[in-house]
Amino acid sequence: MCKFCSEGHPNIHYSPAGEGSGALQGIRTGAGTMPSWSGEDGRRLLIRGGYVLSMDPGVGDFAGGDVLVSGSRIEAVGMKLEAGDAAVIDAAGMIVIPGFIDTHHHQFETALRGFLADCILINDGKPHSLYNYYEHMLQKFSMVYRPQDVYVNELFGSLSQIDAGVTTVMDVSQIHHSPEHSDAAVQALRDAGRRAVFGYFEGWGERSKYPEDARRLKKEHFSSDDQLLTMVMGGEIYIPGYERAWAIGRELGIPVALHVVGTFGMRDTFDSLASSGQFGPDNIFIHMTGMSDMAWKMAADAGAHVSLSVPIEMTMRHGMPPIQKALDLGMQPSLSTDVECTMTADPFTQMRSAMTLQRAFVNEDALGGKTDCAAMVTSRDVLRFATIEGAKGLKLDRKTGSLTPGKEADIVLLDASAINVAPLNHATGAVVTLMDRSNVDTVMVAGRIRKWRGELLDADIPKLRSELEASRDHLFEASGIDRDVFRN
Ligand SMILES: [Zn+2]
């Protein structure tokens, strides 16, 4: 029975590697047989004849290239690899990339997808601010979550992103109202079978054990480095006592992540942390809108990481996405979804928004007569932001983020022969400017195939969807918010 709901389904929706995968044996499609043992030690897979974008300058790109996977790892990348008895995955017409990395995603909100499509972030007293995220989501909906809501929201959001080729996420769960809520979030991330960073952000109410419960969580769930899940400490500076959270994160030796939003009144606190030398390479700063030049310089000098949610920052009034500011200081940002109640978690939307916005700034400068314009980001730059730079930001680049021999095999095959992409003339351009999730053909996490020829595996989506809808119904009813699907 599930620990987190009364529906009577088994706790594990997804069968971890090595268990229960027999049902997949022998699935046949026009494109070959899927090896049911993918990801197992000692078994080898050859992805053959694709356009390989390794995103590692030391490895390079290959047209008609191969990626050899042994167990959970990448063994070799190159042309015409000798692979003996390895099973072959035909990648003709495919672009082969490392899995996308989303460095900030509030997956616990999946049941409320799209509901706040037209809202802004907070009531800032300025025009159009009465309909806002903060009062609906954080002050009402989030207060009525039960552990089972956390579980199904997190699991469904995770599976959906595997389907979109996002093999790694930092899940920002601000829903730690009790240790049971926290355990439900961790269990869902584990059951999804994806690489994930559990972001232990705040919770509310008298049963919340944030931030002290971080020590238990780290010990119980994250004591091994040899697993798909790692942990980050949430250290929001708008919450009184945040210094304790930062100290616990540093005591545990895990990164400290936080939202940094000028319109949320954080500028003074952020400045004082900057000027007192509190920033470190373990900091992940989300948004960084409206911050002072001094704080930016201290963040860059400290080696802190910046995660940008470009479409969200633009639509929700966080302030203009500071992509040029980061680049001018030599910082390489990663890209992140933020909240699906307001914007999709599709990585292609993230990449296109970052690319078009940065280029719009530069184009405007050029049209205005400026001659020493900043460099324009390219499709390769933004694909880098969405892969290896995210891995670096989450301290996972020794494991993922590029197709580098020795790293774990988080690999995505994108169909460049599809009607919205063919004919292929530019690989990074096709990925960033043409593709969408319909082009995500095959997805592998640590060598294990999770999506095969367009089909998400190991998940009972109709069943999970009905559980998610039941959770949605509870959230609306208990919060007293009217679900008006035709709201203007
Ligand atoms: Zn956020």
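The values are calculated or read from the model by the stated rules, or taken from the named source; none is laboratory data. Keep in mind it's a predicted model, so treat the numbers as computed, not measured. We place every Cβ from the backbone using ideal geometry, glycine too, and count neighbours over all the protein chains shown. Side chains included, ligands, DNA and RNA excluded: accessible areas come from the protein's heavy atoms. Shrake-Rupley method; radii C 1.70, N 1.55, O 1.52, S 1.80 Å.
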- request: Could you tell me whether Gly262 is modelled with pLDDT of 95 or more, surrounded by fewer than 22 Cβ atoms within 10 Å (Cβ to Cβ) and not hydrophobic (A, V, I, L, M, F, W, C)?
  value: no
message: Condition first: crowded, with 21+ Cβ neighbours inside 10 Å and either out of contact with any strand residue (DSSP E or B) (no Cβ under 6 Å at 6 or more places or on another chain) or β-branched (Val, Ile, Thr) (or both). Now tell me which residues in region 32-58 satisfy that.
response: Ile47, Val52
query: What are the residues in region 304-331 that are away from the ligand (no atom under 15 Å from the Cβ), in contact with a Phe, Trp or Tyr (Cβ under 7 Å, 6 or more places away or on another chain) and part of a loop (DSSP other than H, G, I, E, B), if any?
result: Ala304, Leu329
query: Picking from Ala83, Ala92, which residue would you name as being more than 25 Å from Val197 (Cβ to Cβ) and open to solvent by 40 Å² or more (accessible area, probe 1.4 Å)?
result: Ala92
- prompt: If you go through region 165-185, how many residues are hydroxyl-bearing (Ser, Thr, Tyr), surrounded by 24 or more Cβ atoms within 10 Å (Cβ to Cβ) and away from the ligand (no atom under 16 Å from the Cβ)?
  reply: 3
task: Return the only residue of Ala300, Ala295 being open to solvent by less than 60 Å² (accessible area, probe 1.4 Å), more than 15 Å from the ligand (Cβ to nearest atom) and over 23 Å from the mean Cα position of the chain (by Cα).
output: Ala295
query: Counting only residues that are surrounded by fewer than 19 Cβ atoms within 10 Å (Cβ to Cβ) and not charged (D, E, K, R), how many does region 435-465 have?
result: 6
- line: Within region 393-432, the count of residues that are assigned to a helix (DSSP H, G or I) and surrounded by fewer than 18 Cβ atoms within 10 Å (Cβ to Cβ) comes to 1
statement: Reported set for region 204-220 where residues are part of a loop (DSSP other than H, G, I, E, B) and open to solvent by less than 80 Å² (accessible area, probe 1.4 Å) is Gly205, Ser208, Tyr210, Pro211, Glu212, Asp213
query: Which condition number in (1) open to solvent by 60 Å² or more (accessible area, probe 1.4 Å); (2) without any contact (Cβ under 8 Å) to a residue 12 or more places away in the chain; (3) part of a loop (DSSP other than H, G, I, E, B) is the one that Cys373 fails?
result: (1)
- prompt: Taking region 54-85 as the region of interest, how many residues are modelled with pLDDT under 95, of a type in the set (A, V, I, L, M, F, W, C) and more than 9 Å from Arg44 (Cα to Cα)?
  reply: 0
message: Condition (residue is under 20 Å from the mean Cα position of the chain (by Cα) and under 23 Å from Arg194 (Cα atoms)) applied to region 112-130: is it met by at least one residue?
response: yes
- line: Scanning region 88-108 residue by residue, those within 16 Å of the ligand (Cβ to nearest atom) and not in a strand (DSSP E or B) turn out to be His106, Gln107, Phe108
